[in-house]
Structure formats: structure tokens, C-alpha cells
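See structure below.
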Amino acid sequence: MTVSSSSATDRHSSHERRQHPRIPAPHITASPFQGDLDIVNLSRRGMSVMSHHPLSVGGTYLFELWQEGNSLVVEGVVRWSRPQDAANQDEAQARSRFQAGVAFERVRSRERRDPWPTEVVLAPARGRPVDRLAVARTALAEADSVHVAAEGLLDVLEPMFERLVLLRCHATTLRAWMGRGRTLRPLKLQSLELSLNEPSLFLHMREGGSFFRGSLPAMPLHQDLVGCWNGGLEQECVLIPIRIGRRMVTVLYADTGDGELANEDLDLLRRAGRLLEESLSSLILRQKARARDLGDSQAGA
């Protein structure tokens, strides 16, 4: 897919102060937002998008751009975001829309047969003698239950992060499952229940979002989460959805306290998330196989 750099008249927001000309992109679509992300225009260095979900300024997202069977996976950082005013009363009664400016950070091409990005290539970690992924891989391989696998992963990651929280998906809610961090308020965390029907990054991830890095947008559900340690929304964090197939089953939250998150931290969390996905899938299959074998033995008795 080729993005032209020919000039175009700027008819958009004053937020878009750019050095690189942008063009309309009517034949280019984006994933994994499942049709909820419209590209207003784009250039070689970035794009302006419209969505029902607000994108957090400073947050890092993966976008997959499609055109005539070809795709481009782009890691982008949100530079600005604002609500879009409704043009008429009908639009005002519909769901809110948000416009955001995205600066491209990394781009790589792929074949269409591989529908979702599996990893972003980042620089290797320095000054970290312990191979956390190798330790996590061993811990998850030895786990005999979903709960033990999740606890094993948090045990491995705990020295690297100030706070870690696993949220487990239920029918229409996310509930706190387990956490690590001296500042966590256990009773408040245990009672945490977040609706998956209200606007939030969790809803965005359930509908296909791959991960989030940045400061949480100002929304009630995000405030409820950070309230479990008397935290603020300005704290930079990472959210990693854990899926079995295409169904989100868990969300991993992590932050480094007052310190900044490094690219190595994001890379570690995304890889650890994939290890947990593989472990949960394997454990569930083994549980189903044991239940089937037990049923067959009882039927034959």
C-alpha cells in the first residue's frame, strides 16, 4: 500500500499543525477496531482518525491499515484527542465521536493471511540479567490450574513493576482477580467490578484493541481502577488484553510507579501476556479432556 505525499487543502482542526501534507483516504480501512475507526486523512508520518472510543493522549496503539488485500501494521502515538461536535440533533443523540491525531512510530508490512500483529520489534533490554520470560515460561509450564498460572506470572513480573493487577472477564463485567503491589488496597480491589457496557479502554479492548500504553483517559471506570491504590489518572501504565481465540478473558494492568515505562517494559508485558494466553488455552483444553475421560469411564462402569 502506498501513501501519497501530494499536497491537500487543510480543512480540519487547528490541532493538526503538521509539516507533512495529508490526503483523504476513502479506500483505506483500519483494524482492529472492527469498523469503529474512520481515517480522516493521513500522510507518511501520521494520520487523523475518528472513533467512538477516546484515544488517550500519549498512549501507544497498534493500527492495521488495509487497502485492496494489502495491510500495513503501524505502531502510533496519540498526539492530541478531542470530542467531535455533533452536526445535528440526530448525531447528538447517537454515541459520542472523538477525533485524534496519531504520529507513526514504527511500520512493517505483512501478508493478509496473518490477520493480527504478533509483536512489535523493540530494542533488547539492558542491565537486566534475569531472563524474566524464561522464568515465566517455566512457571507457566509447571502450573496445574488457571489460578496457579496467573499467580506464577505475577510472581515473575512483580520485581519489575510497582503494581500489577489481573482483571477477569465475566458476562458483562470485569472483576479484580489478583494483584501485586504494596500500595494496593486489598478490600477495595476485591470489590472492584467494572462494566463492559460503559465507555472505557476495557470496552475498546473487548472489541479488538490490542494493548494500551499511556495515561488512562478521564473516565469513571478508569478512576475506579486507580482508586484501588489511591492513584491518579496521570500515572503512565500498560493494559494488555489476554485472549483465548478472539475472546478476551483477562486484562493485565501494570505500572512502574513514579518511573517512566520503557520500551523494554512494554515488550516484556506483551510477551508475558502471550505466554499466559498459551498457558490458559492449554490448561482449559486439558481440563476438558480430563472431564471427557472421566465421563467416558463413568459411562463404561
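Given Cys169, Cys237, which one is hydrophobic (A, V, I, L, M, F, W, C), in contact with a strand residue (DSSP E or B) (Cβ under 7 Å, 6 or more places away or on another chain) and closer than 19 Å to Gly58 by Cα? Just one listed residue meets the conditions, Cys237.
A count restricted to region 257-285 and to residues that are closer than 26 Å to Gly58 by Cβ and more than 17 Å from the chain's Cα centre (by Cα) stands at 4. A residue that is at pLDDT below 65, small (Gly, Ala, Ser) and closer than 24 Å to Glu260 by Cβ can be found somewhere in region 117-126. Applying the selection to region 178-209, what residues are closer than 26 Å to Glu75 by Cα, touching a residue at least 40 places away in the same chain (Cβ under 8 Å) and open to solvent by less than 40 Å² (accessible area, probe 1.4 Å)? The answer is Leu201, Phe202, Leu203, His204, Met205, Gly208, Gly209.
When Arg175 is tested against the conditions (1) part of a helix (DSSP H, G or I); (2) more than 23 Å from Val78 (Cβ to Cβ), the lone failure is (1). The residue that is modelled with the lowest pLDDT, among those in region 172-191 that are of a type in the set (D, E, K, R) and under 13 Å from Phe161 (Cα atoms), is Arg182.
The values are calculated or read from the model by the stated rules, or taken from the named source; none is laboratory data. As the structure is a prediction and not an experimental result, all values here were calculated from the model. Positions of Cβ are backbone-derived with ideal geometry, glycine not excepted, and every protein chain shown enters the neighbour counts. Keep in mind that these areas ignore ligands, DNA and RNA; they rest on the heavy atoms of the full protein, side chains included. Shrake-Rupley method; radii C 1.70, N 1.55, O 1.52, S 1.80 Å.
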